[in-house]
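The values are calculated or read from the model by the stated rules, or taken from the named source; none is laboratory data. Values in this document were obtained by computation on a predicted structure and should not be read as measured data. Virtual Cβ from ideal backbone geometry, glycine too; neighbours counted across all protein chains shown.
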Amino acid sequence: MQQDRLDEELESILSVIKQSPDGIKIGQIASMLSGRFSKRTLFRRLATLKELNLVESQGARNSTRYFIKAGLLLLSDAGRKLQADVQRPLFQRAPKSYNRDFLYGYQPNKTFYLPKNARQHLKQIGRPFDYQGTAKTYVKRILHRLLIDLSWNSSRLEGNTYSLLETRRLLEYGAVAKGKQAFETQMILNHKDALSFIVGSLDELGLNSYTVLNVHALLANNLLKDPMARGRLRQIPVGIAKSTYYSPEISQSIEIYFEHLLHLADEIHDPFEQAFFVLVQLPYLQTFEDVNKRVSRLIANLTLLKNNLSPLSFIGVSQNDYIDGLLAIYELNGVELLRDIFIWAYERSAQQYEVVQDTLQEPNLMQAHFRKELLEIVQFIVSRGIRGAAIIQAIQEWAERHIEARDRENFIEIAEREIASLHPGNIAVYRIKPEVFEGWKIL
């Protein structure tokens, strides 16, 4: 219910911004929404829309104007029709049971959910610059960012209310966000564990039962009532919220379908077709008691990473669009809507992880301005032996004493990032001696 209300609020704000192609100020948004939100709440919702890459802003302080982000999702005619069909009231949608022909009718490398031009397009944008290197070499270069992006976006698609910043702090420092439910924190940590397992065993893992079952076990850890259900095929009937679809109930049938699904997936040559096949068929079967969609998203990334391709972190994907795409598969066996979302999402993800020839970037003006202050706070943290979540609190308290309120939030974010990036090869930047750094590391 909380997530439904949040989605509704975000959609209402987006609809207002869409009416102003030249941008709109926060006061104007508030006025057009008839005071529905306080200025503080509206600011937080706009920040969420920016994190989702749906909105961008220009200007500073009172002159800030908000715009719809360029390149928003455009659906094909078939995708729009499917979305309209699954958005009808439940009583207007016929009950549907599992269609085994949807699985068994698929012939690897003859049947294609993704047309040839789409596969070629994805291959063209999905190759990192140094694709001649090994898969592990590439993924290690992007791992830190991928852990945060995919853990946050995949959890967000499940209704998790952690912000991107809160997710980063949890994964980098173990700082649990205030006011969040325990399962939300566990969900994000489980994504980190599952993705770390995939990356750490990338050469050994494949599209087989061992891989899928263990990814499920990691993603479902401490989240299921029955601990035996982790990494085990479903033994009980399950329902799909807001859907007329009924998944198979006989455990022996689920096992047979699961093994055939993996056999088909392993036979697919094109990595994008393989990834999309997994995103379609694993949730459709409802292979596990819960956590099916999360498993499909990480297994899809396994096949992309094994082929040295940019990952798919679902940046900017709307929860409503994603659910509609799955409902179209559940109830109509129509892949076009989810396909539109998949291609659009991969374009954004590939851009995010593109490895360019020139690894230098434009200097961060805020970081350059606060050189002295950053030097002091980093030295303070390391010399005092402050670790883990306590780093967040220490930086905030230090910033309150030394940084003006208008710059404080940006400064805190830069300081957190710099401390998380410390290693023996860069400590001279902050004039930290090796023995002091080693002592801080092993505390």
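Structure values in brief
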| item | result |
| --- | --- |
| Failed item, numbered, when T185 is tested on (1) touching a Leu at 6+ places or on another chain (Cβ under 8 Å); (2) without any contact (Cβ under 8 Å) to a residue 24 or more places away in the chain; (3) closer than 29 Å to N308 by Cβ; (4) not basic (K, R) | (3) |
| Residue in the stretch 60-112 that is nearest to D22 (Cα to Cα), counting only those that are among the hydroxyl-bearing types (S, T, Y) and exposed (fewer than 14 other Cβ atoms within 10 Å of the Cβ) | S63 |
| Residue among G133, G126 that is touching a helix residue (DSSP H, G or I) at 6+ places or on another chain (Cβ under 6 Å) and either at pLDDT below 95 or among the aromatic types (F, W, Y) (or both) | G126 |
| Sole exception among (1) assigned to a helix (DSSP H, G or I); (2) without any contact (Cβ under 8 Å) to a residue 60 or more places away in the chain; (3) not assigned by TED's automatic domain parsing to the domain that holds L90 for E413, by number | (2) |
| Residue under evaluation H263, criteria (1) part of a helix (DSSP H, G or I); (2) touching a residue at least 12 places away in the same chain (Cβ under 8 Å), criterion not met | (2) |
| Residue pairs meeting the criteria (Cβ under 7 Å; at least 6 apart or on separate chains; first of a type in the set (V, I, T), in the stretch 380-405; second not in a helix (DSSP H, G or I)) | V382/I432; I392/A175 |
| Hits in the stretch 87-111 - residues which are within 31 Å of the chain's Cα centre (by Cα) and not in a loop (DSSP other than H, G, I, E, B) | L90, K96, S97, R100, F102, L103, Y104, P108, T111 |
